[in-house]
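Written out below as structure tokens is the structure these notes cover.
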Amino acid sequence: MKILVTGGAGFIGSALIRHIINDTNNSVVNIDKLTYAGNLDSLVSIEKSNRYVFEKADICNKAELKHIFNSYEPNFVMHLAAESHVDRSIDSPDNFIQTNIVGTYNLLEIARDYWNDMGIKKKSSFRFHHISTDEVYGDLDNDKDLFTENTPYAPSSPYSASKAASDHLVRAWHRTYNLPTIITNCSNNYGPYHFPEKLIPLVILNALEGKTLPIYGDGKQVRDWLYVEDHARALITAINKGVIGETYNIGGSCEKTNIEVVNIICDLLDELVPLNTGSYKAQIKHIADRPGHDKRYAIDATKISEKLGWSPKETFESGIRKTVLWYLENQKWCDNVKKNKQEES
Ligand code: NAD
């Protein structure tokens, strides 16, 4: 199978491509615009594989997409390219509307034309897999309920609203044009190669640099954390075994408040790279809360577990230890990311 992955230079896309190249016989065409969040250094370990090709392209450019589809003739599309940072969507929503909504529309249209022109055999096995987030469901105001595939959409931020819009487009392209789609909605990911504007890498790197560890509000927001390699396995499971037109929620059944996560990271750093002066926890600083900040996300992943046989391999304890060790051992990747960030600003 030839899999066209969009956004493959990002955090989850690069984990997915490493998984496909290392653990399957499939080949990958990676389309990425290389925004501030895209980093080809995350793919160095597989870039020489003869089953891997990179094409720098913008999903907002239909002509580029059409050329890539016709040149490579993929069997599957796995669509991850997106603007993904909630704070950036609040400051400047335009890119989110363009990439997440218009870009997804372009990709659906190019994929529909391409699929319509396919021979019968290839046509029946083609899949368009849209990778989305649990943030489309809004938040939960108690500590019991879980998001299921039937939870109504109620996005809170420009990011989650743009992802919700893209999910609706994908559903409509299946219902109206029969495009063979699958949607997955996943909870918060963490792990190696995560851009350090997101909570976990930010806290690890700020702690090591002696900077403050900023916590929004009281830090009691609950997130359901999943190790990124478990997500990559879930995505391959969903595209291989998922039923056309269906949605699958993916989550780690691992709820933690943000302040708990930060304390766990500080405990690990205190053990692995102890300070002479005390604990890294002294660097924690509460700052003004994010506008519209969702209180709690929690996924019910029963459907993907029972119907497709996927479950996470990592616990939070094992995954966060691997993650902290990875950041300690991969200073070069961190330095390059920081350098690019400075050039951006
Ligand atoms: P990311 O920001 O790390 O990576 C996004 C990638 O998309 C980058 O490589 C970027 O260069 C590329 N990109 C952006 N705009 C593009 C465009 N117009 N054309 C082509 N490429 C473009 O994001 P991520 O955390 O890896 O998330 C990937 C997907 O998974 C997103 O769709 C996101 O909504 C979804 N998701 C993320 C999480 C999470 O916790 N990170 C959880 C659930 C779902």
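The values are calculated or read from the model by the stated rules, or taken from the named source; none is laboratory data. Just so we're clear, the structure is a prediction, and the values are computed from it rather than from any experiment. Cβ: placed from backbone, ideal geometry, glycine included. Neighbour counts: every protein chain shown. Only protein heavy atoms, including side chains, enter the accessible area calculation; ligands, DNA and RNA are left aside. Shrake-Rupley method; radii C 1.70, N 1.55, O 1.52, S 1.80 Å.
Mind listing whichever residues of the stretch 116-142 are among the aromatic types (Phe, Trp, Tyr) and surrounded by fewer than 22 Cβ atoms within 10 Å (Cβ to Cβ)?
The answer is PHE126, and nothing else.
Given the structure, is ASP294 under 24 Å from ASP224 (Cα atoms) and not in a helix (DSSP H, G or I)?
Yes; evaluated as a whole, the condition is true for this residue.
Would you mind telling me which numbered condition in (1) touching a residue at least 60 places away in the same chain (Cβ under 8 Å); (2) out of contact with any strand residue (DSSP E or B) (no Cβ under 9 Å at 6 or more places or on another chain); (3) more than 30 Å from GLY309 (Cα to Cα); (4) open to solvent by 20 Å² or more (accessible area, probe 1.4 Å) ARG233 fails?
ARG233 satisfies every listed condition except (3).
Taking ARG223 and the conditions (1) assigned to a strand (DSSP E or B); (2) open to solvent by less than 10 Å² (accessible area, probe 1.4 Å); (3) of a type outside the set (A, V, I, L, M), which numbered condition does it fall short on, given that it satisfies the others?
Among (1) assigned to a strand (DSSP E or B); (2) open to solvent by less than 10 Å² (accessible area, probe 1.4 Å); (3) of a type outside the set (A, V, I, L, M), ARG223 violates only (2).
Please state which one of VAL261, VAL228 is touching a Gly at 6+ places or on another chain (Cβ under 7 Å), within 14 Å of the ligand (Cβ to nearest atom) and at pLDDT 95 or above.
Sole residue among the options that is touching a Gly at 6+ places or on another chain (Cβ under 7 Å), within 14 Å of the ligand (Cβ to nearest atom) and at pLDDT 95 or above: VAL228.
State which residue pairs qualify: first residue closer than 16 Å to ALA165 by Cβ and inside the stretch 70-89, second residue open to solvent by 40 Å² or more (accessible area, probe 1.4 Å) in any location, beta carbons under 6 Å apart, and separation of 6 or more residues or different chains.
GLU83/ASN95; SER89/PRO158
Does GLY251 satisfy the condition of being within 14 Å of the ligand (Cβ to nearest atom), within 16 Å of TYR193 (Cβ to Cβ) and surrounded by 13 or more Cβ atoms within 10 Å (Cβ to Cβ)?
Taking the combined requirement at face value, the residue does not satisfy it.
Please report, ordered by residue number, the helices (runs of 4 or more DSSP H) entirely within the stretch 70-138 with at least 1 residues that are within 21 Å of the chain's Cα centre (by Cα).
Counting at least 1 such residues, we get 86-91, 104-116.
If we keep just the residues of the stretch 1-15 that are within 9 Å of the ligand (Cβ to nearest atom) and closer than 23 Å to LEU108 by Cβ, which is most open to solvent (accessible area, probe 1.4 Å)?
Result: ILE12.
Consider the stretch 46-67. How many of its residues are open to solvent by less than 20 Å² (accessible area, probe 1.4 Å) and within 11 Å of the ligand (Cβ to nearest atom)?
Qualifying residue count for the region: 3.
For the stretch 300-315, give me each residue that is in a helix (DSSP H, G or I) and buried (at least 22 other Cβ atoms within 10 Å of the Cβ).
ILE304
Given (1) more than 16 Å from the ligand (Cβ to nearest atom); (2) touching a residue at least 24 places away in the same chain (Cβ under 8 Å); (3) within 26 Å of PHE126 (Cβ to Cβ), where does ASN240 come up short, assuming only one miss?
(2)
I'm trying to understand the selection: among the residues of the stretch 319-337, which are more than 17 Å from ASN188 (Cβ to Cβ) and open to solvent by 40 Å² or more (accessible area, probe 1.4 Å)?
ARG321, LEU325, LEU328, GLU329, ASN330, GLN331, LYS332, ASP335, ASN336
Considering only residues of the stretch 17-45 that are more than 20 Å from SER84 (Cα to Cα) and surrounded by fewer than 18 Cβ atoms within 10 Å (Cβ to Cβ), which is nearest to the ligand (Cβ to nearest atom)?
Per the stated criteria, the residue is VAL44.
Could you please give the count of residues in the stretch 79-111 that are over 15 Å from ASN61 (Cα atoms), open to solvent by 20 Å² or more (accessible area, probe 1.4 Å) and more than 9 Å from the ligand (Cβ to nearest atom)?
Count: 7.
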